[in-house]
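These notes are about the structure you will find just below.
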Amino acid sequence: MTEASRTPRTRLPTDAEIRALHARHAPTEEAFALVHTHCEIVCAIALRLARSAGLDVDVELVRAGSLLHDVGVYRLYDDRGRLDHAGYVRHGILGHELLRAEGLPESLGRFCSHHTGVGITREDVVRQGLPLPPGDYLAESAEEKLVMFADKFHSKTDPPRFLTAGSYAAHVRRYGDDKAELFAAMCATFGVPDLRPLAAEYGHEIV
């Protein structure tokens, strides 16, 4: 059993409650559709990986964490519905703050602030001059790592699309060979998802 599985927890929100939270905070219907759909897809990928790999994870925590991990994106929209792409790296900590304000447990907030890329270190923050408080934003539990990994296979681009392991590996290598090695290690641990059923269901291209 994982640490998260052994630790008593408060009740996790249902899918309907999470959808309502998204709807309350989404500045536009378009933003809701983009972010909530992405979270649904990440949830589906994470749960399929958990089943296919026989992972010892708390699947309910994975479900809720997946569905909430990107809620901070809503706080990056301005009054005219434009997304702050330059400050996008902040969406994780903004999501953590949002869930804290909603009274949800820290275990869920961490899915927001600790899923970006393959993890952001204090050194990354300082070296790259990222607009984040200096610190380590790394997935620690098996549940956090699984959600972070599943997130790499779908992008909220215009139009949204699925990414193969090779596509994401090429992308993350731009940030250093160490990041590419971390992603390769996650592929070995969790396996690579078959994206074709989801691509057909959602009508998003695989690149």
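According to the calculation over all Cα-Cα pairs in region 62-139, the P(r) per 10 Å bin from zero is 20, 50, 28, 3 %. By the gyration tensor of its Cα atoms, with a ≥ b ≥ c the square roots of the eigenvalues, what is the shape of region 1-143: rounded for a/c under 1.5, prolate for a/b over b/c, or oblate? The shape class here is oblate. Accessible area ranking (1.4 Å probe, heavy atoms, ligands and nucleic acids excluded), largest first, for L55, L182, L146: L182, L55, L146.
Under 5 Å between amide hydrogens, built in the peptide plane, is the criterion, and for R161 it picks out S155 among residues at least 5 positions away or on other chains.
Note on D194 and R100: their simple-model spin labels are 4.2 nm apart, each label 7 Å out from Cα toward Cβ.
The label-point distance for A33 and S167, in a model that sets each label 7 Å from Cα toward Cβ, rounds to 2.0 nm. With the whole protein complex present, D15 retains an accessible surface near 80 Å², based on a 1.4 Å probe. Relative to the current alpha-carbon distance between E140 and R24, full extension at 0.36 nm per residue lengthens the span by 38.8 nm.
Normalised per residue, the accessible area of the chain is 49 Å², obtained with a 1.4 Å probe and no contribution from ligands, DNA or RNA.
On the chain, 53 percent of the accessible area sits on carbon and sulfur atoms, based on a 1.4 Å probe.
Taking each residue as 0.36 nm, the span from Q128 to T157 lengthens on full extension beyond its C-alpha to C-alpha distance by 8.1 nm. Accessible-area rank, largest first, for H85, H204, H22: H85, H204, H22, with all protein chains present and a 1.4 angstrom probe. Between S52 and R11, the distance separating the two model label sites (each 7 Å from Cα on the Cα→Cβ line) works out to 3.4 nm. For trypsin sites (Lys or Arg not before Pro), no site in region 128-207 is both called loop by DSSP and has at most 10 other Cβ atoms within 10 Å. A cut-off under 14 angstrom between Cβ atoms defines the neighbours of F183, and their net charge, with Lys, Arg +1 and Asp, Glu -1, is +1.
The values are calculated or read from the model by the stated rules, or taken from the named source; none is laboratory data. Small disclaimer: the values here were computed from a predicted structure and weren't measured. All Cβ positions, even for glycine, are placed from backbone atoms using ideal geometry, and neighbour counts span all protein chains on display. We work out accessible area using only protein heavy atoms, side chains counted, and drop any ligands, DNA or RNA first. Shrake-Rupley method; radii C 1.70, N 1.55, O 1.52, S 1.80 Å.
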